[in-house]
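Colleague: Structure incoming, see below.
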Amino acid sequence: MRVQIKKHLPEIVFASAALAFSFWLAFHTFSWEDGSLLVAAKAWSDFASHIPLIRSFSYGENWPPEYPLFPGEPIRYHFLFYWGVGMLEKLGFRIDYALNIPSALSFFLLLLSIYLLAKHIFKSRFVASLSVLFFLFNGSFAFWEFFKSHPISANTLSDIFNNSSFPSFGPYDNKVVSAFWNLNIYTNQRHLALPFSLLLLLVYFLFKSNEKQKTSKLLILLCGFFIGILPFAHSSIFVMAILVLLILFVLLKTQRITIFGILLLGFVLSLPRVIFLGGSATFLPTIQIGFLTPAPLTLFSFLKYWFLNLGLSLFLILVGFAFSTRNQKRLLVAFLPLFLVGNLIQFSIEMAGNHKFFNVFLAVGNIFTAYAVFRIWKVKLFGKVVAGLLIVLLTFSGVIDFFAVKNDVFYKLEDYTKNPDVSWIKDNTPRDAVFLNSTYLYHPASLAGRKIFLGWPYFSWSLGHDTNKRDTQHKQMLTPENLGELCSQLKTHNLKYIAVSLSGDLPTNHEFFNKNFSLVYNNMDSGFYLFSTEERCF
């Protein structure tokens, strides 16, 4: 027993550290205190979409699933993770535990999958550890932007430790280095880490089975099930998994029957998602070259963009590939199409959504970067000095970004135990009720698990919904002139309540609602009024 513990002590230490870090990251960015939700400022906008989705499952009635910020159509979002979180809250878990525990375990599994895959392919704990390090702390040239506003001085270390903003957050701050390489992606998009990790584990098991030239039927069933539920868990990872498996079908000759079985089972299980979406209009993939490369797009601007975003990894991945064996090369060849496809095809209405392709590619690419650094490290004293310098350059921007997450401020959002508006809706309205709303973010009805006619339009727009049409209808219903026309629209969209806030985001004809509908709830302190439409319109 002691021999086994000693043999695997590095893995035990790594797993313990990874687990502790994952739980810290999850609870640091979202927590609960004295009846209020504490949301990190950098997660505030994303959670304004995720919390209503979670609550629509835990406190609302949302099956078959609709997007609670754009009800009336089948959901186009991969909802499975947040459905699971909602079920945990429904079972009695407080919402921060319901969300953070699965989030932390998912991120831990992602770190573990990178470690296991790197260690198996390169037979080196050093390479495996570096691979995880490079994943956590990106190697972009964002630090260059940091030094533009914080010139190197005696206070540089203090500037880094006290930093609370990302030095580059393209394209949203008009800078070249993108926002998608730091930990913010995983603190905000809590559903990403689990399918990402399972994809890497699937590849890990296929490589292991290829060496043994043997695969268990149970593994085929589990992997096929994973592929089948991916469209519900993360549609981009589903596309990636299919691409990777097709390449591995060619490269791993002894695993072809296994891969065929996984793909066949996955296809059959994914059919309900396709049928569920039916013929609803969605964004069709289009050719869009260069991802977020600034215009005008040229070969030089493309290479410059990726050099600034990937840093030295752009070259070191190739160095690691050159030094690797034929079997090791297969891993990068299998994932290289993700980088190519992400730069060629726009899969959603927003090109920035392609970042997941590069996140997954880079996790594997970092393994080859780590191997290149390992080979340099082995070249006597000079190699160790160079390797040490490379490690600093490959993690420096990530360290600065880490402190931006660590030093983030928090917004307090009163939950139903402290907010009487949320509490009343939760206790006194049907679970499947839909509200005509005059405010967007964190609406009381959303926090109570109910649906609102239109949440912040960007959320629904990015999923491919026709927000322009609904926005027009929304404004018309909030400023009505004719009761008959309004009732017709309310009935069409099954809007049983009108929620009016005196400090709302949209112009509202409060006098009209007060005259024509029954006031069922009002809060003078918050300026929140709730009218029932059932008596006059239904």
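Colleague: Of all residues in segment 57-70, which are under 18 Å from ASP466 (Cα atoms) and either among the basic types (Lys, Arg) or open to solvent by 10 Å² or more (accessible area, probe 1.4 Å) (or both)?
Modeller: Selection gives GLU66 alone.
Colleague: Limited to segment 496-538, what total is found for residues that are within 20 Å of GLU485 (Cβ to Cβ) and either of a type in the set (Phe, Trp, Tyr) or in contact with a Gly (Cβ under 7 Å, 6 or more places away or on another chain) (or both)?
Modeller: Final tally of qualifying residues: 6.
Colleague: Look through THR479, THR508 and report the one residue that is farther than 29 Å from LEU284 by Cβ, open to solvent by 60 Å² or more (accessible area, probe 1.4 Å) and among the hydroxyl-bearing types (Ser, Thr, Tyr).
Modeller: Just a single option satisfies the conditions, and that option is THR479.
Colleague: For the condition part of a loop (DSSP other than H, G, I, E, B) and either without any contact (Cβ under 8 Å) to a residue 24 or more places away in the chain or over 18 Å from ASN184 (Cβ atoms) (or both), what is the one hit in LEU19, LEU37, LEU53, LEU69?
Modeller: LEU69
Colleague: If only one of VAL364, VAL360, VAL379, VAL399 is open to solvent by 10 Å² or more (accessible area, probe 1.4 Å), farther than 19 Å from SER168 by Cβ and either at pLDDT below 95 or among the aliphatic types (A, V, I, L, M) (or both), which one is it?
Modeller: Exactly one of VAL364, VAL360, VAL379, VAL399 is open to solvent by 10 Å² or more (accessible area, probe 1.4 Å), farther than 19 Å from SER168 by Cβ and either at pLDDT below 95 or among the aliphatic types (A, V, I, L, M) (or both), namely VAL379.
Colleague: Taking the stated definitions as given, is SER446 crowded, with 18+ Cβ neighbours inside 10 Å, of a type outside the set (A, V, I, L, M, F, W, C), within 16 Å of VAL500 (Cα to Cα) and modelled with pLDDT of 95 or more?
Modeller: When the stated conditions are applied, SER446 passes them.
The values are calculated or read from the model by the stated rules, or taken from the named source; none is laboratory data. None of these values were measured; they are calculated from a predicted model. We place every Cβ from the backbone using ideal geometry, glycine too, and count neighbours over all the protein chains shown. Remember, those area values only see protein heavy atoms, side chains included, never the ligands or the DNA or RNA. Shrake-Rupley method; radii C 1.70, N 1.55, O 1.52, S 1.80 Å.
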